1. Identify, from the list 268, 262, 273, 280, the residue that is modelled with pLDDT under 95 and farther than 29 Å from residue 93 by Cα.
2. Tell me which helices (runs of 4 or more DSSP H) are completely within the stretch 42-88 and hold 2 or more residues being under 19 Å from the mean Cα position of the chain (by Cα), or say none if there are none.
3. Across the stretch 162-186, what is the number of residues that are part of a loop (DSSP other than H, G, I, E, B), without any contact (Cβ under 8 Å) to a residue 12 or more places away in the chain and under 20 Å from residue 142 (Cβ atoms)?
4. Kindly indicate whether residue 193 is in contact with an Asp or Glu (Cβ under 8 Å, 6 or more places away or on another chain) and within 25 Å of residue 57 (Cβ to Cβ).
5. Within the stretch 23-35, identify whether any single residue is outside any helix (DSSP H, G or I), surrounded by 13 or more Cβ atoms within 10 Å (Cβ to Cβ) and at pLDDT below 90, and answer yes or no.
6. Take residue 159 and tell me if it is free of Cβ contacts under 8 Å to residues at least 60 places away in the same chain and in contact with a Leu (Cβ under 9 Å, 6 or more places away or on another chain).
7. Looking at (1) surrounded by 15 or more Cβ atoms within 10 Å (Cβ to Cβ); (2) small (Gly, Ala, Ser); (3) part of a helix (DSSP H, G or I); (4) more than 18 Å from the chain's Cα centre (by Cα), find the lone condition where residue 118 falls short.
8. Any idea how many residues of the stretch 190-221 are of a type in the set (Asp, Glu) and part of a loop (DSSP other than H, G, I, E, B)?
Amino acid sequence: MRTKKTINTLATITISVISTYFLMGVSATTQSVQPQTAANLQYQVGGTLYMQKAAEYRSLAYQAFNLARLRLDADLDKKNVKKLPKAERGMPRAIVVDIDETILDNSPAQAYSIANNAPFNLKDWYAWGEMRKAKAVPGAVAFLNYAVSKGAKIFYVSNRDEVQKQATIDNLKNVGLTDVGNDNVILRAGESSKEARRTAIAKTYRIVMLMGDNLDDFSNVFEKRSIADRFAETDKARENFGRNFIVLPNAMYGTWENAIYEYGRLSEAQKAEKRMSALELP
């Protein structure tokens, strides 16, 4: 749990950099990058451009939210409600969604990191969040507002830090979402696992579906598992995907990359070596 002193410090950091982050351009901010890392983030260019410039990415996002609507409509059908266990029939519906790269598109922040050769850091991340400028992932707003109109409660379960809550709420409202507030934007207050937060929601709501760009958004069985184990757990859960698990594409970052690094705290050079050794060649 963050102390009041920590939160004040983070707020001070955010305020100090917000005036320069993005607004003054890459050349003006490059000097703030610490030379200690000697990072080369060019490997992230392809994934970031895919998210920003590929119509195929947009089509996959629309596909995910179109499928989510079909699943919700099926759940609303009274014939299907009668098939539920009696204890669940009267429970209000909930849809649990991740935020970053599921509802909000943070690819400009990723592009900034690449242009400045600056690996992910909280100072830049908080500054981007304070700008409240992230656009919606294609299809997200239309689907979520439709779900709200049908009586579903949306819960935004994210591993953003609590200090970012107001900026996050503002950004979600800015893109046009109608059901956003302190009660249903649930950020990380301690551990990064979302399992406890999902369990708490399930005590009073029937979770119709979960949506995310990372397998950790769906179940703790995927958390901190090896590549082979993540594949195996995915195969076990294959009937859930497209039903109550709706996955959004994210080629920029994710636990899939952490699995390549075996969840270790590695230097940029070590990470590059791990990436190359993970490639499957002819």
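The values are calculated or read from the model by the stated rules, or taken from the named source; none is laboratory data. Keep in mind the model is a prediction, meaning the values are calculated, not measured. Heads up, the Cβs are rebuilt from the backbone with ideal geometry, glycines too, and the neighbour counts pull from every protein chain shown.
1. Testing whether each residue is modelled with pLDDT under 95 and farther than 29 Å from residue 93 by Cα leaves just 268.
2. Answer list for the stretch 42-88: 45-53, 55-76.
3. 0
4. No; evaluated as a whole, the condition is false for this residue.
5. Yes - at least one qualifying residue is present in the stretch 23-35.
6. Answer is yes for this residue.
7. (3)
8. The total comes to 2.
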